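Trainee: Sending over a structure as structure tokens; questions will come in a sec.
The values are calculated or read from the model by the stated rules, or taken from the named source; none is laboratory data. What you see is a predicted model; the values in this text were computed from it and never measured. No Cβ is skipped: glycine too gets one built from the backbone with ideal geometry, and neighbour counts run over all protein chains shown.
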Amino acid sequence: MTHILNLFRKSPFDPLYKHGLKVKECTDLVKPLFEAIFAGDLEKQNEISKRICDAEKQADLLKVEIRRIIPKGIFLAVNREDLLRYLKIQDDLADTTEDIAVLSSMKALYAPPDLQDEILAYVDTVLNVCTLADEATNQLQPIVEAGFKGENVESILDLAEQAEQAERNADDAGLRLAKKLFAHEDEMKATDIMLWFQIFDLLGDLADYADKTAEWLHNMLEK
């Protein structure tokens with residue numbers, strides 16, 4: 001792999017974008033993970049969990065390297081601390097995805113069939129926020145090439161607003177799903193209910209970090 005320092009000689013946004021691609025590898029595997037869980041395919045679930053953990057580790061290595069090679073005092077088109085804060089929030093997406101994979105592997109999780117459909121719908125709602133955040137990140141390179149002005153900056157403003165609304169939708173969906181989970185308490189083990197509730201909470205965090213990623217990128221470019 002090309003040493004990340006060579007990328008910084010061209011632009012600090014190149015390695016940040018590569019970090020975003022690793023984060024996207026993690027979030028893209030969230031729905032397949034739940035589909036494997038509901039199919040009772042433990043081998044597939046373990047394979048997907050490993051892929052998530054591997055991508056998270058690669059993202060973490062990039063994060064550490066990016067922090068190491070942006071020395072204080074270096075001239076950047078944006079505030080250094082803002083850039084590092086954006087990196088941290090983006091990395092939280094990968095961390096949270098790994099947490100979901102690890103927690104879901106604690107035991108063979110059970111959910112009634114009708115609840116499975118609701119969970120997958122909630123996952124889709126959460127991943128919609130992630131998609132909007134990823135679209136905002138994809139605007140980085142065009143913005144750099146345009147000198148941090150033009151239509152792409154306005155596009156990020158629009159994507160940030162969409163992500164904010166999508167995150168609110170995810171919050172509402174998560175609350176409705178939690179209520180439905182407890183409605184099934186007579187047919188589910190207490191350990192399953194506890195783990196699902198924790199997983200729902202992490203999915204909510206995933207939506208929140210995705211929203212913050214788009215929001216922070218916009219705020220960073222506005223300064």
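Trainee: Tally the residues that are in contact with a Phe, Trp or Tyr (Cβ under 8 Å, 6 or more places away or on another chain) and part of a helix (DSSP H, G or I), restricting the search to region 105-132.
Mentor: Of the residues in that region, 5 qualify.
Trainee: Okay, next question. Given Ile69, Ile37, Ile100, which one is touching a helix residue (DSSP H, G or I) at 6+ places or on another chain (Cβ under 8 Å) and farther than 20 Å from Gly174 by Cα?
Mentor: Being touching a helix residue (DSSP H, G or I) at 6+ places or on another chain (Cβ under 8 Å) and farther than 20 Å from Gly174 by Cα holds for just one of Ile69, Ile37, Ile100, which is Ile69.
Trainee: Only one residue in Lys107, Lys44 is surrounded by fewer than 22 Cβ atoms within 10 Å (Cβ to Cβ) and either in contact with a Pro (Cβ under 9 Å, 6 or more places away or on another chain) or polar (S, T, N, Q) (or both). Which one?
Mentor: One residue alone meets the criteria, Lys44.
Trainee: Here's something else I'd like to know. Looking at (1) of a type outside the set (S, T, N, Q); (2) modelled with pLDDT of 90 or more; (3) within 16 Å of the chain's Cα centre (by Cα), find the lone condition where Leu177 falls short.
Mentor: Leu177 satisfies every listed condition except (3).
Trainee: Step by step: first the residues of region 89-107, then only those that are under 8 Å from the mean Cα position of the chain (by Cα) and of a type in the set (A, V, I, L, M), then the one that is nearest to Glu215 (Cα to Cα). Which residue is that?
Mentor: Residue satisfying both the conditions and the ranking: Leu93.
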